[in-house]
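*Asks:* Sharing a structure below in structure tokens format, with a few things to ask.
Any read-out appearing in this document is the output of simple, stated calculations on the displayed coordinates, not a laboratory observation. The structure presented is a predicted model; accordingly, all values stated were derived computationally and were not measured. Using ideal geometry, Cβ is built from the backbone for each residue, glycine included, and neighbour counts are taken over all protein chains shown.
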Amino acid sequence: MSEFPPRAALSLYDPFDGMRFGMRHCFLCGTPTTPPQDTIPVFAEWLMQRYNLHERQIKLLDMSIVQYQQLRIACCAHCRTQHVAPLEARVEAAATEGIAGFRRLDEQTLFLWLGKMFYGILVTELLNELDPLARPQYPLAENALLLRRFQAFFQPLQALRVPMEYDDFTPGSVFILETDPREDTMPFEYDDDLSTIAFSIKLDSTVLVACLVDNGIIQQAMRRVYQDAYRPLHPVQIAEFKARVYYAAYLLNIIPDYYPRAVKPGDTEVILDTLIDDINTAIFNPWENSGYAQSLLEMWKKWQIPLDEIMRNPAEPLTFLYDADGQPQLLEQFPKKAGGIR
Ligand SMILES: [Zn+2]
């Protein structure tokens, strides 16, 4: 008998018990794995092919540079063929229909698909830090809050392997935005803020922006802005929207707890309950325009908009999503000249 009997279909896995994040345990079930054959790419093969990513470079937090194709996580043959491949096939099929396809995907599928990539990046960064030669500027492993968020995030992510229903909540906020093609030059883009578990990926005209461990709170808080953004947006407007999500994720003060209900004979899925316990804490730390402006500065790098331009009116940082009257703004072209910016 093997030391590791296959994990029962409805039993959850806890990689934090013993911190088994290396290449020798399947990330979904913990079964011993042998690299390199028992691995999957963080960015799915179809994605790398479609956007020519194999040799494209990505900079890690310690400033080391790897190729997309080198980003891989441990995954046993069973989880690969039974769980990951079907998920990728569903998203790949949706992606061929563009934004309409993504909008039709159910919330759990989108969460799991984004979550799998995010998990892969985060674990790569964490493992990289264990390398004695790596000297990250802000070590993630020393970030207690991040580890708590990561631990929480891994609970609903297990729906990738275990049939699971989230009882009356969505674990993350996922926004689906559409770019206006006129000044859109980037078929693929990816960025993240690991410490807040915020993430964004652009596939042609579809931009997915997510905070993966907020129980949908940011989506609630940004309801109006999201409604107003339900139209093709100029890339500079998309960047502004992302700045809002990333800044909100940074301000988010709570970490949800998750509780799987006990499985009874005959059950076919695990039901996950959630609780936000910190009733004495504000959900968000106070919004500060100076902090938000930093987020804008970062997201607008490509357009080189200086901070004093962004903060010309300190009470109302620069916006391209809204016009001077606070109405959703149609922006066909980025205003080229200085002074063309409001
Ligand atoms: Zn597995």
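*Asks:* Compute the acute angle (0 to 90°) between the alpha-carbon long axis of helix 107-130 and the principal axis of greatest extent of the alpha-carbon atoms of the chain; round to the nearest 10°.
*Replies:* On a 0 to 90 degree scale, this one is about 80.
*Asks:* What's log10 of I(q)/I(0) for region 38-175 at q = 0.10, 0.19, 0.22 Å⁻¹, Debye sum over Cα points only, no solvent?
*Replies:* Taken in order of the listed q values, log10 I(q)/I(0) reads -0.38, -1.29, -1.48.
*Asks:* Could you size up the charge dipole of region 21-109 around its Cα centre, putting +1 on the beta carbon of Lys and Arg and -1 on that of Asp and Glu, and report it in debye to the nearest 20?
*Replies:* Dipole of region 21-109, to the nearest 20 debye: 80 debye.
*Asks:* Can I ask one more? Give the long-range amide H neighbours of ILE73: residues separated by 5 or more places, or on another chain, with amide H under 5 Å away, using H modelled in the peptide plane at 1.01 Å from N.
*Replies:* ILE40, VAL42
*Asks:* Let me know the whole percent of all Cα-Cα pairs from region 119-204 that are separated by more than 15 Å.
*Replies:* Percent of Cα pairs beyond 15 Å in region 119-204: 70.
*Asks:* Set Lys and Arg Cβ to +1 and Asp and Glu Cβ to -1, take the dipole of the chain about its Cα centre, and tell me which of THR196, VAL270, SER64 lies farthest positive.
*Replies:* About the Cα centre, the residue reaching furthest to the positive side is SER64.
*Asks:* Moving on to the next point. In degrees, nearest 10, range 0 to 90: what is the angle between the Cα axis of helix 289-299 and the longest Cα principal axis of the chain?
*Replies:* 80 degrees
*Asks:* If you don't mind, there's one more thing I want to ask. Got a sec to turn the phi values of region 167-177 into Karplus ³J(HN,Hα) couplings, 6.51 cos²θ - 1.76 cosθ + 1.60 with θ = phi - 60°, whole Hz, x for Gly and Pro?
*Replies:* Couplings: 6, 6, 7, 10, x, x, 9, 10, 9, 10, 10 Hz.
*Asks:* Shifting gears a bit: Between ASN52 and ASP17, 0.36 nm times their residue separation minus their Cα-Cα distance comes to what?
*Replies:* Taking ASN52 through ASP17 to full extension adds about 8.9 nm, to one decimal.
*Asks:* Separate question: Give the long-range amide H neighbours of THR31: residues separated by 5 or more places, or on another chain, with amide H under 5 Å away, using H modelled in the peptide plane at 1.01 Å from N.
*Replies:* Counting only residues 5 or more places away or on other chains, the set is CYS26.
*Asks:* If you don't mind, another one. List the chymotrypsin sites (Phe, Trp or Tyr not before Pro) in region 93-178 that DSSP assigns to loop (not H, G, I, E or B) and whose Cβ has at most 11 other Cβ atoms within 10 Å. Which are they?
*Replies:* Passing both the DSSP loop test and the Cβ count: no residue.
*Asks:* So what's the Cα pair-distance distribution over region 156-300, bin width 5 Å, in %?
*Replies:* 2, 9, 17, 19, 18, 13, 10, 7, 3, 2, 1, 0
*Asks:* Can you give the charge dipole size of the chain about its Cα centre, rounded to the nearest 20 debye, using +1 on the beta carbon of Lys and Arg and -1 on the beta carbon of Asp and Glu?
*Replies:* Using Cβ point charges on Lys, Arg, Asp and Glu, the chain gives about 520 debye.
*Asks:* Report, in listed order, any pair from LYS202/LYS336; LYS116/LYS202; LYS301/LYS336; LYS116/LYS301 with a Cα-Cα distance greater than 21 Å.
*Replies:* LYS202/LYS336; LYS116/LYS301
*Asks:* What is the extension gain from GLU269 to LYS336, computed as 0.36 nm multiplied by their sequence separation minus the C-alpha to C-alpha distance, in nm to one decimal?
*Replies:* Extra length from GLU269 to LYS336 when fully extended: 18.6 nm.
*Asks:* Under 37 °C and 0.692 mPa s, how fast does the chain diffuse according to Stokes-Einstein, given a Kirkwood radius computed over C-alpha pairs? Answer in µm²/s, whole number.
*Replies:* 154 µm²/s
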